[in-house]
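Participant: Got a structure for you, questions after.
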Amino acid sequence: MEVTSAAAKLAAALCTSPLLFTVLAVHAQDKPKPWPGSDLGWQQCQRMSGDKDARLACFDQWARDQQVQPPIVTAPVGIAPATASPAGPSETSPAASAVALPPVNSAIPATRVITASDDACRDRQYSTLSRFWELEDGTSCGTFGLRGYRPIDVTFAMATDRPQTPTSPAPNHTGTPTDYQPGEMRLNLSLRTKLAQGLLTGADPTRKDSLWFGYTQQSTWQIFNSELSRPFRTTDHEPEVMYAYPTDMQLPGGWRWRYAGAGLAHQSNGQSDPYSRSWNRVYLMGGIELDNRFVFNARAWKRINEDPQSDDNPDITDYIGRIELAGWWYPNSKNALGLTVRAWGKGSQRLEWTRTIGDPATSNLRFVAQLFNGYGDTLVDYNRKRTVFSVGLRLVDF
């Protein structure tokens, strides 16, 4: 009987306990449905340039989604609310238990919280240039990791003519005729690693400058030329050091100037005379973008003068040019069109189309078709005008 009486008293106490009521009310409360755009990052709101009201509403909603709102506890009929504590009646009254959110100040830019598990430098809520150069804390993958740089691809290339005999104004730099075929394979490899970051931007939470080392290799393989035992016709090597500084300046028409930088590059084909070709240059670079639809990069370089006795190609800039302008258009998530023009010299033009293979949200593999016309198709052909059409596969790492 004593046990039964004690159990009855305990049950009665629990039924009238404010703590039990609060726990049950919290678990019974329906979870609020999120705003349809709340799963998008603040970068998506930033790209809404057409409608200012929608842009502001997007930022407001994003900021609210970052807050944790305590549940509103309402006492059901027949159960009295808990007695007020000495701290004041507002802590226990049902009406006061709903905490009002602070007003959102749209003048203060929101900052996305990055966790250690995020694959930040490949997070596609950020813009193309931000991911490529890791211009923000949210797109940084740290230092000394390997990433792609220029295109990594394997293509079949067909030229309108056979490769001509290499020549150069330098003494003893004219080769001998070789029976190369106009069709060959192209193997392009390009990697880079970040050596340092935050050199000038320091601990800025939204901008991050970076110093990189990159290496690019392009090989042309006469894979169908069995008469010459399928040789590699030429291989160009290009190591370089480059520095990128985030600018993020608004330009007319919704464009954003995203970065400026400088670099030092050496390019050579590693061959002996009469086929040796090489040069060194310093360059300035920058890039702008419009939403996720257009990206435009520019470079201008100055060749570092060499001793005339050791200069393999004294007139190389007159043929390859001194500036490079490259633009990309992304009409949808699968396709991209690019045009690269080298000028201030005889120069060249390269038109490209890529199409994603697989899910555009996760796949980095592309089908690529490319048409090149002009000078500098390869380093040994720097002073030969060529028209080359290539098709194949490309790996994009950003």
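Participant: Obtain the nm distance between the two label points defined at ASP318 and MET158 by a simple spin-label model: each point lies 7 Å from its Cα along the Cα-to-C-beta direction.
Facilitator: Calculated label separation equals 3.5 nm.
Participant: By a straight-distance test (C-alpha under 13 Å), which aspartates and glutamates pair with LYS385 as possible cross-link partners, with residues fewer than eight away in the same chain excluded?
Facilitator: In chain and number order, the partners are ASP161, ASP318, ASP377.
Participant: Please give the Cα centre distance for the stretch 198-220 versus the stretch 311-356, rounded to the nearest Å.
Facilitator: 22 Å
Participant: Oh, and also: Classify the stretch 240-359 as rounded, prolate or oblate, taking a ≥ b ≥ c as the square roots of the eigenvalues of its Cα gyration tensor: rounded when a/c is under 1.5, otherwise prolate if a/b is larger than b/c and oblate if not.
Facilitator: Cα axes put the stretch 240-359 in the prolate bin.
Participant: To continue, here is another question. Let's test the formula: R0 of 30 Å, r as the Cβ-Cβ distance of THR178 and LEU395. What FRET efficiency results, to the nearest 0.05?
Facilitator: 0.45
Participant: Run the quick spin-label model on SER363 and PHE232: label points 7 Å from Cα toward the beta carbon, then report their separation in nm to one decimal.
Facilitator: 3.0 nm
Participant: Turning to a different aspect of this structure: Please give me, ordered by residue number, the GluC sites (Glu not before Pro) of the stretch 252-341 that lie in loop per DSSP and have at most 14 other Cβ atoms within 10 Å.
Facilitator: Of the GluC sites (Glu not before Pro), the ones in loops of the stretch 252-341 whose Cβ has at most 14 other Cβ atoms within 10 Å are GLU306.
Participant: Please go through the stretch 222-321 and write out the chymotrypsin sites (Phe, Trp or Tyr not before Pro) that DSSP classes as loop and that have at most 13 other C-beta atoms within 10 Å.
Facilitator: Answer by residue number: PHE224.
Participant: Also: How high is the relative contact order of the stretch 186-290? Use alpha-carbon pairs under 8 Å, at least six apart in sequence, and give a whole percent.
Facilitator: Relative contact order here is 20 percent.
Participant: So which trypsin sites (Lys or Arg not before Pro) in the stretch 303-398 pass both tests, a DSSP loop state and at most 11 other Cβ atoms within 10 Å of the Cβ?
Facilitator: Qualifying residues, ordered by number: none.
Participant: For the stretch 160-289, what class follows from the C-alpha gyration tensor (a ≥ b ≥ c being the square roots of its eigenvalues): rounded when a/c is under 1.5, otherwise prolate if a/b is larger than b/c, else oblate?
Facilitator: Since a/c reaches 1.5 and a/b is larger than b/c, the shape of the stretch 160-289 is classed as prolate.
Participant: What shape does the stretch 120-395 have by the C-alpha gyration tensor, where a ≥ b ≥ c are the square roots of the eigenvalues, rounded means a/c under 1.5, and otherwise prolate means a/b greater than b/c and oblate the rest?
Facilitator: prolate
Participant: Considering Cα pairs under 8 angstrom that are at least six residues apart, work out the relative contact order of the stretch 120-395 and quote it in whole percent.
Facilitator: Relative contact order here is 15 percent.
Participant: Right, here's the next one. With r as the distance between the Cβ atoms of GLN217 and LEU371 and R0 = 22 Å, compute the FRET efficiency 1/(1 + (r/R0)^6) and round to 0.05.
Facilitator: FRET efficiency, LEU371 to GLN217: 0.50.
Participant: Would you mind counting up the charge near ARG394? Only other residues with Cβ under 14 Å from its Cβ, with Lys and Arg at +1 and Asp and Glu at -1.
Facilitator: +3
Participant: While we're on this one: Extending each Cα 7 Å along its Cβ direction at ALA54 and GLN250, get the distance between those two points in nm, one decimal.
Facilitator: Calculated label separation equals 1.8 nm.
Rule-based calculations on the coordinates, nothing more; no lab input. Keep in mind the model is a prediction, meaning the values are calculated, not measured. Cβ sites come from the backbone with ideal geometry, for glycine too, and all protein chains shown count toward neighbours.
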